[in-house]
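Each remark here refers to the structure printed beneath this line.
The values are calculated or read from the model by the stated rules, or taken from the named source; none is laboratory data. These figures come from a predicted structure and were not determined experimentally. For neighbour counting, all protein chains shown are included, and Cβ atoms are generated from backbone atoms with ideal geometry for every residue, glycine included. For the accessible areas, the whole protein counts, side chains as well, though only heavy atoms, and no ligand, DNA or RNA atoms are used. Shrake-Rupley method; radii C 1.70, N 1.55, O 1.52, S 1.80 Å.
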Amino acid sequence: MPAWSLDARIPIHLLTPGETPAPGMALLAEAPSAASAPAVALFSLTGAHVPACACCGVRGPVAEALDRLFLGRVRGKLPWFTAIAALPQSAEAAEAIRRTLRDDAASSARFRLAI
């Protein structure tokens with residue numbers, strides 16, 4: 001019997017500056033973008049607290065933005081999307097996205113970094 005598996009998590013495509021999201025992709029962005037998307041969630045690392053601070057717990061701004069996209073999608077408040085285009089403005093933001101997908105349990109259960 002062949003061994004195979006299906007990964008049903010929503011893929012996140014980490015785009016470089018200047019790349020355009022494919023039609024129908026939701027957008028996860030560090031700053032407002034001219035890119036068109038059916039659903040958009042913004043995050044900011046400016047002023048973000050350290051992980052596990054007393055007011056934020058262990059979740060960060062990227063995890064919160066991903067939660068907004070996911071919950072909007074499943075509750076029907078956002079159009080259905082099958083992938084997310086991430087538009088970080090800096091290497092620090094790109095690493096924050098990778099770290100969230102690696103370390104945040106809810107985010108890693110719902111999303112995966114596209115290869």
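For segment 14-27: of the residues being within 22 Å of residue 76 (Cβ to Cβ) and out of contact with any helix residue (DSSP H, G or I) (no Cβ under 6 Å at 6 or more places or on another chain), which is surrounded by the fewest Cβ atoms within 10 Å (Cβ to Cβ)?
Looking at the filtered set, the residue picked out is 23.
Would you confirm whether any residue within segment 103-113 is open to solvent by less than 80 Å² (accessible area, probe 1.4 Å) and in contact with a Gly (Cβ under 7 Å, 6 or more places away or on another chain)?
Looking through segment 103-113, none of the residues is open to solvent by less than 80 Å² (accessible area, probe 1.4 Å) and in contact with a Gly (Cβ under 7 Å, 6 or more places away or on another chain).
Go through segment 81-94 and count every residue that is open to solvent by 60 Å² or more (accessible area, probe 1.4 Å) and either touching a residue at least 12 places away in the same chain (Cβ under 8 Å) or assigned to a strand (DSSP E or B) (or both).
Residues in segment 81-94 being open to solvent by 60 Å² or more (accessible area, probe 1.4 Å) and either touching a residue at least 12 places away in the same chain (Cβ under 8 Å) or assigned to a strand (DSSP E or B) (or both): 3 in total.
How do the pairs read when you match residues in segment 1-26 that are closer than 8 Å to residue 83 by Cα with residues anywhere that are of a type in the set (Asp, Glu), using Cβ under 9 Å and keeping only pairs 6 or more apart or on different chains?
Between residues of segment 1-26 that are closer than 8 Å to residue 83 by Cα and residues that are of a type in the set (Asp, Glu), the close pairs are 13/19.
Restricting to segment 56-80, give me the number of residues that are in a loop (DSSP other than H, G, I, E, B) and at positive phi.
Number satisfying all stated conditions: 1.
Identify the residue in segment 71-80 that is open to solvent by 40 Å² or more (accessible area, probe 1.4 Å) and not small (Gly, Ala, Ser) and, among all such residues, is farthest from residue 28 (Cα to Cα).
This residue is 75.
List every residue pair whose Cβ atoms lie under 6 Å apart, where the two residues are 6 or more positions apart in sequence or sit on different chains, the first residue falls within segment 35-46 and is under 15 Å from residue 93 (Cβ atoms), and the second residue, located anywhere, is of a type in the set (Lys, Arg) and open to solvent by 30 Å² or more (accessible area, probe 1.4 Å).
As it stands, the answer is 41/68, since those pairs meet every condition given.
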